[in-house]
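The values are calculated or read from the model by the stated rules, or taken from the named source; none is laboratory data. Note that the structure is a prediction, hence the values are computed from the model and not measured. Because the Cβ atoms are built from the backbone with ideal geometry, glycine has one as well, and the counts that use them run over all protein chains shown. When the accessible area is computed, the model is the full protein with side chains, heavy atoms only, and any ligands, DNA or RNA have been set aside. Shrake-Rupley method; radii C 1.70, N 1.55, O 1.52, S 1.80 Å.
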Amino acid sequence: MSPVWSLCAGLLLLLLWVRHRGLEAVLVHHRWVFVCLFLLPLSILFDVYYQLRAWAVWRLHSAPRQHAQRVRHIQAQVREWKNEGSKRYMCTGRPGWLTVSLRVGKYKKIHKNIMINLMDVLEVDSERRVVRVEPLVTMGQLTAHLNPMGWTIPVVPELDDLTVGGLIMGTGIESSSHIYGLFQHTCVAYELVLADGSLVRCSPTENSDLFYAVPWSCGTLGFLVAAEIKMIPAKKYVKIHYEPVRGLQKICEKFTEESKKKENSFVEGLVYSLEEAVIMTGVLTDEAEQSKINKIGNYYKPWFFKHVEKYLKADRTGIEYIPSRHYYHRHTRSIFWELQDIIPFGNNPVFRYLFGWMVPPKISLLKLTQGEAIRKLYEQHHVVQDMLVPMKSLEKSIQTFHVDLNVYPLWLCPFILPNNPGMVHPKGDEAELYVDIGAYGEPKRKQFEARASMRQMEKFVRSVHG
């Protein structure tokens, strides 16, 4: 039988099976069928398009020339809204399904949509060690642009599709944050279009009140049109040390101890149960032992969290050299560990070698095609929550996560929180070490109820000044 006839026969059998089971049942209980056959190829096309676009824009140097024109168009839309009487709230015209957040906001349908098509790197200033970018530039785009030039940014949140604007207006964190703070703390200036249509630049010395108010404001103060971010020299590898730790008290002590060491370029913890974790520390380097180089970002490699778990199961420490860009985006291919719920066999060696080059599906496409049944399922039986608490409350916090959610692995990421002006700062007058505890997946707690459990978690976080 020819390949064409085989493909046709396979598609026919698939359609008959879908018709028999019902489309909604297949999408809810066998979502991997739809994801593998449609969303993975479509995600590849999306990536190819945006990569070619970014390459062409940079080669033609068109971004800086067009930026001012695009900003004027945004200003004109805002002034039009003002002339209409400012009767509705404004919001960005970017569709809700395009964001990485699982939330699909209904406000987009009733508010005045301001179209903001700003997705380019504008300038790399090696003398000032600053890169100027538009708000829709992604982390994957930025590291691909800067690393070949010998630069990187101090805080690179893992997922490729996270945008500069989202990380500034919301929260951005990485395993280097115990040194540099949150993503917002690596920014030196913002440019915004305000509600009267004016364009303003703000920095610690220029419109400083606005500069410190922008982070965590969720876009309520103006439309971000550009940001300047610090750069640091890039190195070829991250020398990473894996250390399994057992016992909750020992886990917290070890993680706190490593987070206080400034000689560690990176600190991260993956907690696999209440009493088991792997603590990872990394150092940037240009030298590597060839036998210990692990290109973890290659499509056929095991998912990173599964790779780390091997050290826990074998109860042994280990050292590897991971190429820097592979390390920065180590959780992208498996969307941390969320992809195992969508494609249960995704980490199988056969799947990785044959189809791993298409992974992961775009989160935006997953949202766009999830349907009402899956959306409700996620709302009631799934959590994507990051709680930022003082490091001194780590042990109590993990116990609370265990009781209220019982989701594993948990992601631990330390960060220093300076006592800057603005919306987020430590309770005291001094900078304080905090930790981000990330819970992503299906809670295993019996009688889990989404709203009640989240309210309980929020109450706890407030009680420890998180």
State all residues of the stretch 146-155 that are farther than 18 Å from VAL188 by Cβ and either in a helix (DSSP H, G or I) or polar (S, T, N, Q) (or both); if no residue qualifies, say none. ASN147, PRO148, MET149
Just give me the residues in the stretch 282-300 being closer than 24 Å to LYS362 by Cβ and buried (at least 18 other Cβ atoms within 10 Å of the Cβ), in sequence order. ILE296
Inspect the stretch 204-217 for any residue being part of a strand (DSSP E or B) and surrounded by fewer than 16 Cβ atoms within 10 Å (Cβ to Cβ) and give the result as yes or no. no
Report, ordered by the first and then the second residue, all pairs with beta carbons closer than 7 Å, sequence separation of six or more or different chains, a first member in the stretch 122-134 that is free of Cβ contacts under 8 Å to residues at least 60 places away in the same chain and over 17 Å from GLN69 (Cβ atoms), and a second member that is open to solvent by 90 Å² or more (accessible area, probe 1.4 Å) and assigned to a strand (DSSP E or B). none
Count, please, the residues in the stretch 119-176 that happen to be open to solvent by 20 Å² or more (accessible area, probe 1.4 Å) and among the charged types (D, E, K, R). 8
For the stretch 366-412, how many residues are within 17 Å of GLU338 (Cβ to Cβ) and among the hydroxyl-bearing types (Ser, Thr, Tyr)? 3
Do we find that PRO421 is farther than 24 Å from LEU159 by Cα, touching a Gly at 6+ places or on another chain (Cβ under 7 Å) and assigned by the TED database to the domain that holds GLU253 in this structure? no
SER217, sole failed condition from (1) more than 30 Å from PHE46 (Cα to Cα); (2) more than 16 Å from the chain's Cα centre (by Cα); (3) among the small types (Gly, Ala, Ser): (1)
Starting from residues that are part of a loop (DSSP other than H, G, I, E, B) and among the aromatic types (Phe, Trp, Tyr), keep the ones in the stretch 289-307 and report whichever is farthest from ARG330 (Cα to Cα). TYR300
Looking at (1) crowded, with 17+ Cβ neighbours inside 10 Å; (2) out of contact with any helix residue (DSSP H, G or I) (no Cβ under 8 Å at 6 or more places or on another chain); (3) over 26 Å from THR138 (Cβ atoms), which one does TRP411 not meet, given that it meets all the others? (3)
Find the helices (runs of 4 or more DSSP H) located wholly in the stretch 338-388 whose residues include 1 or more that are open to solvent by 70 Å² or more (accessible area, probe 1.4 Å) and farther than 20 Å from PHE38 by Cβ, and list them. 349-355, 371-381
Of these, VAL35, VAL71, which one is at pLDDT 90 or above, β-branched (Val, Ile, Thr) and crowded, with 16+ Cβ neighbours inside 10 Å? VAL71
Is at least one residue of the stretch 75-97 of a type in the set (S, T, N, Q), at pLDDT below 80 and under 17 Å from PHE223 (Cα atoms)? no
Does the stretch 132-144 contain at least one residue that is under 21 Å from ILE416 (Cβ atoms) and outside the structural domain of ALA439 (by the TED database)? yes
Quick check on this structure: which one of VAL308, VAL384, VAL389 is at pLDDT below 90 and touching a strand residue (DSSP E or B) at 6+ places or on another chain (Cβ under 8 Å)? VAL384
For residues that are in a loop (DSSP other than H, G, I, E, B) and in contact with a Cys (Cβ under 8 Å, 6 or more places away or on another chain), tally how many sit in the stretch 218-260. 1
Determine if the stretch 218-241 includes at least one residue that is among the aromatic types (Phe, Trp, Tyr), farther than 24 Å from LEU122 by Cβ and surrounded by 17 or more Cβ atoms within 10 Å (Cβ to Cβ). yes
Any chance the stretch 422-444 includes a residue that's in a helix (DSSP H, G or I), within 27 Å of GLU258 (Cα to Cα) and open to solvent by 70 Å² or more (accessible area, probe 1.4 Å)? no
For the stretch 308-337, give me each residue that is part of a helix (DSSP H, G or I) and not small (Gly, Ala, Ser). VAL308, GLU309, LYS310, TYR311, LEU312, LYS313, ARG325, HIS326, TYR327, TYR328
If you go through the stretch 408-415 one residue at a time, do you hit one that is in the same structural domain as GLY269 (by the TED database), over 24 Å from the mean Cα position of the chain (by Cα) and not β-branched (Val, Ile, Thr)? no
If you take the residues of the stretch 261-281 that are touching a residue at least 24 places away in the same chain (Cβ under 8 Å) and farther than 22 Å from ILE398 by Cβ, which of them is surrounded by the fewest Cβ atoms within 10 Å (Cβ to Cβ)? LYS262
